[in-house]
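Engineer: Right, I'll just put the structure down here and ask away after.
The values are calculated or read from the model by the stated rules, or taken from the named source; none is laboratory data. Since we're looking at a predicted model, the values are computed, not measured. Cβ placement follows ideal geometry from the backbone for every residue including glycine, while neighbour counts extend to all protein chains displayed. With ligands, DNA and RNA removed, areas are computed over all heavy atoms of the protein, side chains included. Shrake-Rupley method; radii C 1.70, N 1.55, O 1.52, S 1.80 Å.
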Amino acid sequence: MIWELSILLSALSLLIMLFLIVRRVLQEHRDKAAADQRRQLLTALIAFTENRDSEALKAVVLGVPASVAINAGFEFISLLRGEERNGVLVAFHECGLPALVGRLLERGNVAERIHAAEMLAALGSEDATASLLSALDHDRSRDVRIAAAIALCDLGSLPLLGIALDKIGVAGQRSRRLIDLFRRFPRSRFNELAVHASRADAVPFVRAAAIDALARTGGFGFADFFAGLARSDSPEVAAAALRALGLTGHGAAPAILAVAMTNADWDVRTAAADAAGRLGLSELAAPLSMLMDDEFWTVRYAAANALRSLGNPGERLLREMAGSEVSRSQRTASLVLAEGPAA
């Protein structure tokens, strides 16, 4: 009985090994075929940019699997601009690629649906907006709904911000993709971001994301707005506003940052120290020195980097701390000085 069982197990192991080998060979064959088809399509796309032979390009597009045409084509058009891009898009539309991508947006897995949303925005077909709005309304994945919103923003068809956020669902929202969405907002719609950032009843993370987008794309025109939000009761909003002030500057920045450095929340103190360093506010050297003994490492490190950004006066303070008795401030100052001069 034992011998029979041993022989059976050995035979079963052999069969499993043979199955895995055959599976590996078939997978390598499929991968090689896909690579050859991808190379064939890219060669045809490059040739099209030179000879504008749309019929030859369409023949190749229709001759390779839809997945190869969609993925390789999307990568290629991202490199093109102007007439070349428009010519390739026309050929893709005539081959029905937008319809294939639209079906992928409906039936693919989460990663495929996110990719399909990005491709629909790039292809810019007549039905793209309708497909993306449907995904924003009905897709079960919040990541896909955010991708659809970003694509709609690129197409200039995103609903009003409040409506879009309701469709995405912001309860417990911590996705960095939301910041990507806000940063794509056209200047003509910045007021929507400002209104949402100022709403005390909105989700703090979403408000902070809106502040970040306004700081990086709206610029100095929102400095007063950021100065007001720096006193927000929400630590996340206040920290975002302080980081924004570090990018835009403000006449009252020294006073605002000095108060923020005494805030009970460590993230707010860190943001205030970082902003002081970015703005080079040497008058804040004293409160920055006080933060060098903060109980939180991130606050101490931000304060030390800010002092180093102040030039010779700040560096002198760091060297004095580094030469003092062993303490939190002494260790942090020594570390930052060892990293070299400020970038």
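Engineer: Can we say A333 is part of a helix (DSSP H, G or I) and within 34 Å of the chain's Cα centre (by Cα)?
Structural biologist: yes
Engineer: So, in the stretch 285-318, exactly how many residues are of a type in the set (A, V, I, L, M, F, W, C), open to solvent by 20 Å² or more (accessible area, probe 1.4 Å) and assigned to a loop (DSSP other than H, G, I, E, B)?
Structural biologist: The number of residues fulfilling the criteria is 2.
Engineer: Go through (1) outside any loop (DSSP other than H, G, I, E, B); (2) within 25 Å of the chain's Cα centre (by Cα); (3) over 14 Å from L155 (Cβ atoms) one by one and return the number of the condition E118 breaks.
Structural biologist: (3)
Engineer: Give the stretch 40-86 a look and list any residue that's under 30 Å from the mean Cα position of the chain (by Cα), in a helix (DSSP H, G or I), over 21 Å from L105 (Cβ atoms) and not hydrophobic (A, V, I, L, M, F, W, C), or say none.
Structural biologist: G82, E83, E84, R85, N86
Engineer: Identify, please: which residue in the stretch 246-272 is of a type in the set (D, E, K, R) and surrounded by fewer than 23 Cβ atoms within 10 Å (Cβ to Cβ) and is, among those, farthest from T298 (Cα to Cα)?
Structural biologist: So the residue we want is D265.
Engineer: Being closer than 23 Å to A208 by Cβ and not β-branched (V, I, T) is the filter; apply it to the stretch 142-153 and report the residue that is surrounded by the most Cβ atoms within 10 Å (Cβ to Cβ).
Structural biologist: Here the answer is A148.
Engineer: Can you spot a residue in the stretch 273-287 that is farther than 27 Å from G251 by Cβ and either under 28 Å from the mean Cα position of the chain (by Cα) or free of Cβ contacts under 8 Å to residues at least 12 places away in the same chain (or both)? Working first, answer last.
Structural biologist: Filtering the stretch 273-287 for residues farther than 27 Å from G251 by Cβ gives none.
No; the residues of the stretch 273-287 include none that is farther than 27 Å from G251 by Cβ and either under 28 Å from the mean Cα position of the chain (by Cα) or free of Cβ contacts under 8 Å to residues at least 12 places away in the same chain (or both).
Engineer: For the stretch 273-284, give me each residue that is within 14 Å of L318 (Cβ to Cβ) and open to solvent by 20 Å² or more (accessible area, probe 1.4 Å). Write out each step before concluding.
Structural biologist: Residues of the stretch 273-284 within 14 Å of L318 (Cβ to Cβ): 273, 277, 282.
Within the stretch 273-284, just S282 meets the criteria.
Engineer: Please indicate, with yes or no, whether at least one residue in the stretch 226-238 is under 22 Å from G280 (Cα atoms), open to solvent by 40 Å² or more (accessible area, probe 1.4 Å) and assigned to a helix (DSSP H, G or I).
Structural biologist: There is at least one residue in the stretch 226-238 that is under 22 Å from G280 (Cα atoms), open to solvent by 40 Å² or more (accessible area, probe 1.4 Å) and assigned to a helix (DSSP H, G or I).
Engineer: Can you name the residue in the stretch 163-221 that is among the hydroxyl-bearing types (S, T, Y) and in a loop (DSSP other than H, G, I, E, B) and is also least open to solvent (accessible area, probe 1.4 Å) among such residues?
Structural biologist: Among residues in the stretch 163-221 that are among the hydroxyl-bearing types (S, T, Y) and in a loop (DSSP other than H, G, I, E, B), the one least open to solvent (accessible area, probe 1.4 Å) is S175.
Engineer: Taking the options E126, E118, name whichever one is surrounded by fewer than 23 Cβ atoms within 10 Å (Cβ to Cβ) and either modelled with pLDDT of 95 or more or within 16 Å of F74 (Cα to Cα) (or both).
Structural biologist: After applying the criteria, what remains is E118.
Engineer: So L158 passes all but one of these: (1) assigned to a helix (DSSP H, G or I); (2) crowded, with 17+ Cβ neighbours inside 10 Å; (3) among the aliphatic types (A, V, I, L, M). Which condition number does it fail?
Structural biologist: (1)
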